Amino acid sequence: MKGKVWNHDKIAYGGDYNPEQWPEETWEEDMRLLKLAHIDTLTLNVFSWAALQPSEDSYCFEKLDKIMALAKRHGMKVCLATGTGAHPAWMARKYPEVLRTDFYGRKHKFGARHNSCPNSLIYRKFSARLAGKLAERYKDYDNILAWHISNEYGGECYCENCERAFRTWLKGRYGSLEALNCAWNTSFWGHTFYDWEEIVLPDQRSEHIDEERTVAQAISLDYRRFNSDSILACFQLEYDAVKEHTPDIPVTTNLMGAYKPLDYMKWGRCMDFVSWDNYPSNEDSFSQIAMNHDLMRGAGGNKPFVLMEQTPSQQNWQPFNALKRPGVMRLWSYQAVAHGSDAVLFFQMKQSIGSCEKYHGAVISHAGHEHTRVFREVAALGEELERLGGEILGSAVPAEAAILFDWENWWAADYSAGPSVDLKYLDEALRYYTALHRQNIPVDFVCEEDDFSKYKLLAAPVMYMTKPGVDGRIREFVEKGGTFVATFFSGYVDESDLVVLGGYPGRLRDILGVWVEEIDALPPHKKNRFTYQGQEYEAGLLCDIMHLEGAKALAVYEEDFYQGFPVLARNSYGEGRAYYVGTRSEEGFYRKFMENLCKEQQIKPAAQTPENVEAIRRVRGQEQYLFLLNHGEGKACLEAPEDGTDLLSGQGYKKGDAMELDAKGVAVLKVC
């Protein structure tokens with residue numbers, strides 16, 4: 001079926017299973033329970049490197065052979081991991097160069113995970129070799145859905161391997177020390193480099209005040225790029241190794257939502273499909289959870305993705321590991337599907353008895369039987385997904401609104417020395433996303449290289465960095481009738497964090513029709529005010545003092561010495577419009593403002609629903625599936641938005657018919 005992420009005839013259901021942690025005589029009972037829960041997909045071999053390779057020159061696949069045969073015998077599909085998420089102890093002892101050095105300059109010993117230096121040639125050699133051996137051994141298994149490379153790549157390393165590799169990476173980026181010194185503005189504080197060997201990694205021992213603050217933003221920014229690229233190269237080596245033997249099996253690794261250290265927009269383009277692990281707190285808003293799904297879909301080019309992990313109930317690493325309340329696991333699972341997932345997978349199938357994840361939720365709890373609340377909820381959802389079959393697989397989430405999200409801009413904006421420690425790129429993106437999401441407006445996340453022309457509305461919150469050519473693509477988008485939204489602290493610097501001279505917002509100035517002369521950074525307790533369409537709203541965090549250069553003021557500040565200066569401006573440009581929001585405001589403003597822009601562009605919501613009922617649509621050809629998800633604590637009453645049949649209950653509706661959704665309830669209307 002066109003658009004499917006892998007060869008499965010239904011929404012895959014299951015997740016991480018670690019039978020190697022248990023006596024073999026328990027495996028058949030596990031299978032009985034998993035089949036009872038309608039589990040059909042197992043992620044295997046995630047942390048088995050030590051078992052598969054007990055020494056440098058020996059490999060042992062006998063136990064994995066038994067596990068693979070067990071899965072096949074019981075009709076299970078397999079997402080087969082390469083097991084390289086943590087190197088074995090013998091490797092750390094014999095080749096200490098594989099061990100990471102942390103931000104504070106401490107060389108680590110063997111232990112934990114994310115413990116391998118990404119620029120260790122030893123680590124790269126052995127990890128790729130193991131991946132290749134696995135692919136060669138299991139290439140003829142017809143139940144392998146995908147290769148799962150390593151696990152939750154992340155972290156940083158500041159060792160000698162990385163320092164040497166950083167210099168090589170810089171030579172490739174800049175070509176000459178002259179160009180590097182210019183890009184890094186090394187004349188500041190006498191930082192000029194005369195030899196590549198003089199360059200050291202930016203950490204606590206060199207350029208950093210602490211992990212979030214640096215005195216040399218350009219150097220630290222390049223380290224971020226380099227580190228993400230270094231870890232991506234490790235993924236690519238294993239990708240190539242398995243593709244050599246199994247070219248037709250798709251390859252992924254599990255991402256982690258808005259995970260700052262790795263540039264997922266770049267990573268997603270290197271994966272056959274994006275998968276990710278969703279572990280929100282019970283306190284997170286449902287818009288925040290939805291944003292992570294949409295961000296991961298965007299990393300994969302806004303194609304279907306896979307929910308690789310979630311917990312059936314509680315987590316183990318939060319300060320307070322609250323249970324998922326009854327119905328929440330089902331609700332959040334369908335929310336993932338609604339936003340584009342073709343799978344609902346868990347960590348974990350069976351609770352381990354030791355170490356840090358022994359109290360992390362599982363389908364099979366320590367009780368070891370099916371008579372638990374969590375098991376009953378898992379089994380009920382599994383039965384529903386079986387009835388859904390392949391109905392939704394491969395369908396897309398169509399959107400006419402997009403948010404421009406760039407990891408490098410995130411790093412640069414958060415590293416900026418001023419104007420406010422409270423300015424956080426991700427927070428501002430969430431404000432604009434929430435304003436659209438709470439009105440059931442579908443949103444794509446895009447990077448600068450994506451096609452803007454298919455959208456009517458493009459928002460770029462805190463586009464601090466404007467890379468070469470991006471302003472031209474935005475200019476073209478607006479000229480041809482698009483609506484562009486920029487905010488305070490936009491257009492200030494280039495890709496090297498050098499200020500674009502001539503006045504803020506730099507290369508965006510003509511598009512937005514404003515010049516920002518000064519920025520007032522307000523402490524949390526202080527606010528200015530402005531009135532928009534008859535309603536007063538607060539202005540906080542940053543207040544841009546701007547002058548109009550062709551734009552029209554839609555609201556002005558009401559207090560302080562810049563009283564009467566524009567705070568919100570609209571500029572006509574070609575056939576389109578560009579808006580500049582010069583301050584941070586409150587939720588009511590963002591909702592009203594974005595509602596108005598959507599009306600201007602005739603962008604319609606997926607459906608009109610009561611507060612706390614999310615509506616989102618997936619489409620495949622002429623088939624449409626409207627998800628209605630009640631995130632509220634009480635029953636929701638609404639009118640059927642369209643004619644259709646609820647695929648979960650079998651109930652048919654005509655447009656306008658009364659519908660009820662229980663607290664945490666879900667309906668999936670197949671629209672007639």
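Read-outs: derived from the displayed coordinates by stated rules, not from any lab. From a predicted model like this one, the values you see are computed outputs, not experimental measurements. Note that we place each Cβ from the backbone using ideal geometry, even for glycine, and neighbour counts take in every protein chain shown.
Hey, how much of the P(r) for the chain falls beyond 49 Å, as a percent of Cα pairs? Kindly include the intermediate steps, with their values, before the conclusion.
Details: 36086 of 225456 pairs.
Distances greater than 49 Å cover 16 percent of the Cα pairs.
Under 23 Å from the Cα of residue 456, which lysines turn up, not counting those fewer than eight places away in the same chain?
Reachable lysines: 303, 467, 480, 552, 592, 599, 604.
Please report the spacing between the Cα centers of region 285-307 and region 205-223 in Å, no decimals.
Centre-to-centre (Cα) distance: 30 Å.
Could you work out the helix-only [θ] at 222 nm for the chain, with each DSSP H run of four or more residues adding -39,500 (n - 2.57) and the total divided by the number of residues, to the nearest 500 deg cm²/dmol? Walk me through the numbers before you get to the answer.
On the way: 17 runs with 197 residues, N = 672.
After summing the helix terms and dividing by the residues of the chain, the value is -9000 deg cm²/dmol.
For Cα pairs less than 8 Å apart in space and 6+ apart in sequence, what is the mean separation divided by the residue count of the chain, i.e. the relative contact order in percent?
Values: 1402 pairs, mean separation 75.7, N = 672.
In percent, rounded to a whole number, it is 11.
Relative contact order for region 394-541: what percent, with Cα pairs under 8 Å and sequence separation of 6 or more? Kindly include the intermediate steps, with their values, before the conclusion.
Details: 216 pairs, mean separation 31.0, N = 148.
Relative contact order here is 21 percent.
Where the centroid of each part is defined by its Cα atoms, how far is region 33-99 from region 573-650 in Å?
Spelled out, the Cα-based centre of one part sits 43 Å from the other.
How do 515, 189, 332 rank when sorted from fewest to most other Cβ atoms within 10 Å of their own Cβ?
On the way: 515 17, 189 9, 332 23.
By the 10 Å Cβ count, ascending, the order reads 189, 515, 332.
What per residue convex hull volume, in Å³, do the alpha-carbon atoms of region 613-671 yield? Intermediate values should be presented prior to the final figure.
Details: hull volume 3.8 nm³, N = 59.
Once divided by residue count, the hull of region 613-671 is 65 Å³.
Suppose every K and R has +1 on its Cβ and every D and E has -1 on its Cβ; what is the size of the dipole of the chain about the Cα centre, in Debye to the nearest 20?
Numbers: 75 positive and 97 negative charges, 219 e Å.
Using Cβ point charges on Lys, Arg, Asp and Glu, the chain gives about 1060 debye.
Just how large is the dipole of region 401-600 about the Cα centre, in debye to the nearest 20, putting +1 at every Lys and Arg Cβ and -1 at every Asp and Glu Cβ? Spell out each step's value before the answer.
Working: 21 positive and 33 negative charges, 137 e Å.
Once rounded to the nearest 20, the dipole reads 660 debye.
Rank 651, 637, 627 by how far each Cα sits towards the positive end of the charge dipole of region 613-671 (+1 on Lys, Arg Cβ; -1 on Asp, Glu Cβ) and give me just the farthest.
So the residue we want is 627.
Taking 0.36 nm per intervening residue step and subtracting the Cα-Cα distance, what contour gain separates residue 396 from residue 633 on full extension? Walk me through the numbers on the way to the answer.
Numbers: separation 237, 0.36 × 237 = 85.32 nm, distance 2.94 nm.
Extending this stretch completely gives an extra 82.4 nm.
With N denoting the number of residues in region 401-600, provide Rg(C-alpha) divided by 2.2 N^0.38 Å, to two decimal places. Walk me through the intermediate numbers first.
Details: Rg = 15.3 Å, N = 200, 2.2 N^0.38 = 16.5 Å.
Region 401-600 yields a ratio of 0.93.
Under a 5 Å amide H to amide H cut-off, with H placed in plane at 1.01 Å, what residues pair with residue 487 once short-range neighbours are removed?
Correct list: 462, 463, 581.
In debye to the nearest 20, how big a dipole does region 613-671 give about its Cα centre with +1 on each Lys and Arg Cβ and -1 on each Asp and Glu Cβ? Kindly include the intermediate steps, with their values, before the conclusion.
Working: 8 positive and 10 negative charges, 47 e Å.
Computed about the Cα centre, the dipole is about 220 debye.
Using alpha-carbon pairs under 8 Å, 6+ residues apart, how would you state the relative contact order of region 431-490 in percent?
Values: 53 pairs, mean separation 22.8, N = 60.
Reported relative contact order: 38 percent.
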